[in-house]
1. Taking the conditions exactly as written (closer than 28 Å to Ala14 by Cα, without any contact (Cβ under 8 Å) to a residue 40 or more places away in the chain, surrounded by 17 or more Cβ atoms within 10 Å (Cβ to Cβ) and of a type in the set (S, T, N, Q)), does Asn173 satisfy them or not?
2. Inside the range 184-203, can you point out the residues that are closer than 18 Å to Ile153 by Cβ and surrounded by fewer than 15 Cβ atoms within 10 Å (Cβ to Cβ)?
3. Among (1) touching a residue at least 24 places away in the same chain (Cβ under 8 Å); (2) under 17 Å from Ser33 (Cα atoms), which single condition is Ala71 missing?
4. Looking at Ala190, Ala131, which one is more than 21 Å from the chain's Cα centre (by Cα), small (Gly, Ala, Ser) and modelled with pLDDT of 95 or more?
5. How about the range 238-249: which of its residues are under 12 Å from Val130 (Cα atoms) and either free of Cβ contacts under 8 Å to residues at least 60 places away in the same chain or basic (Lys, Arg) (or both)?
6. Would you confirm whether any residue within the range 55-72 is more than 24 Å from Thr135 (Cα to Cα) and within 18 Å of the chain's Cα centre (by Cα)?
7. With the structure loaded, tell me whether Asp82 is over 18 Å from the mean Cα position of the chain (by Cα), more than 21 Å from Ala252 (Cα to Cα) and in the same structural domain as Ala119 (by TED's automatic domain parsing) or whether it fails that test.
8. Which of the following residues is farther than 30 Å from Arg59 by Cβ, of a type outside the set (S, T, N, Q) and surrounded by fewer than 21 Cβ atoms within 10 Å (Cβ to Cβ): Asp126, Asp132?
Amino acid sequence: MNIIAIDIGNTNIAIGLFLEGKEEFIESIPGPSEAELANCLESAWEKIPLIEGSKENKRDGVIVASSVKPAWTEEIRQIVKDRLGEEVQLIGKDIPLPMSVWVDEPEKVGTDRIVSAAAAYAVVEDAVVVADFGTAVTIDLVDHNGVFLGGVICPGFEISAKALRDNTAQLPNIKVTKPTAPYGKNTTDAINCGLYYSIVGALQEIIRRYAEELGRWPQTIITGSGAKTIQTDCEFIDNFVPNLVVKGIVLAYQKHLEAKIT
């Protein structure tokens, strides 16, 4: 199975190439960078082998995406069509969701949340919490049967910092980092501590409440661009897995192929 998996987020687009199911590379690109996106996709597609005997030089691969930003989805579709002569298959539309979803409106849940939850459950094979630290922070729960039960959505570090700057007269915008002390001696450090420990505290409290619902403490996996900031400061986190959404896209397509065979 040769696949280009694309995670279209709110801020970045991650592109992963997998040949015969093995990861070759995953690259994160700022969304508006059309030239960089096109170059990355072309480079990845050229690495996929040609179908043996194809007179049209067709390549033996597919391009599958999960998206939370429709405008960027259309941009990717156009690049793929114009540069590669191919079509993009979307999770939740062309490719079924890779796990059962027990929520009020399944069609409104971001497919990034579901594919990353499925990827985590495929490894843990038990109840698991998946926290994705991106533009927003999502903290989702999967039960021991592999059913996506839902989760919470919080503002990410950058959104929170920007909200403080935009809605106050004198507070600066900051980049959140791991604090060196639990309190700040200046305004910047005070904001940093506040935003950092707000997220860490929220994560711990939400997982505790999930554990009360389950009757036991679930494993916790974190992912996303902001996850590295907190990964070494939370004993209740079991694993940090970069690019979990991209890996979940591959899993979703693999399950789709297996379902077609059976």
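The values are calculated or read from the model by the stated rules, or taken from the named source; none is laboratory data. All values derive from a computational prediction rather than experimental measurement. Cβ: placed from backbone, ideal geometry, glycine included. Neighbour counts: every protein chain shown.
1. Details: closer than 28 Å to Ala14 by Cα: yes; without any contact (Cβ under 8 Å) to a residue 40 or more places away in the chain: yes; surrounded by 17 or more Cβ atoms within 10 Å (Cβ to Cβ): no; of a type in the set (S, T, N, Q): yes.
Spelling it out, it is not the case that Asn173 is closer than 28 Å to Ala14 by Cα, without any contact (Cβ under 8 Å) to a residue 40 or more places away in the chain, surrounded by 17 or more Cβ atoms within 10 Å (Cβ to Cβ) and of a type in the set (S, T, N, Q).
2. Narrowing the range 184-203 to residues closer than 18 Å to Ile153 by Cβ: 195, 198-203.
Answer for the range 184-203, where residues must be closer than 18 Å to Ile153 by Cβ and surrounded by fewer than 15 Cβ atoms within 10 Å (Cβ to Cβ): just Gly201.
3. Unmet condition: (1).
4. Numbers: Ala131 fails: more than 21 Å from the chain's Cα centre (by Cα).
Sole residue among the options that is more than 21 Å from the chain's Cα centre (by Cα), small (Gly, Ala, Ser) and modelled with pLDDT of 95 or more: Ala190.
5. Matches in the range 238-249: Asp238, Asn239, Phe240.
6. So the first thing to find is which residues in the range 55-72 are more than 24 Å from Thr135 (Cα to Cα), and the list is 55-63.
After this cut, where a residue has to be within 18 Å of the chain's Cα centre (by Cα) as well, the list is 63.
Yes - at least one qualifying residue is present in the range 55-72.
7. Values: over 18 Å from the mean Cα position of the chain (by Cα): yes; more than 21 Å from Ala252 (Cα to Cα): yes; in the same structural domain as Ala119 (by TED's automatic domain parsing): no.
So Asp82 fails the test.
8. Details: Asp132 fails: surrounded by fewer than 21 Cβ atoms within 10 Å (Cβ to Cβ).
Within the list Asp126, Asp132, the selection yields Asp126.
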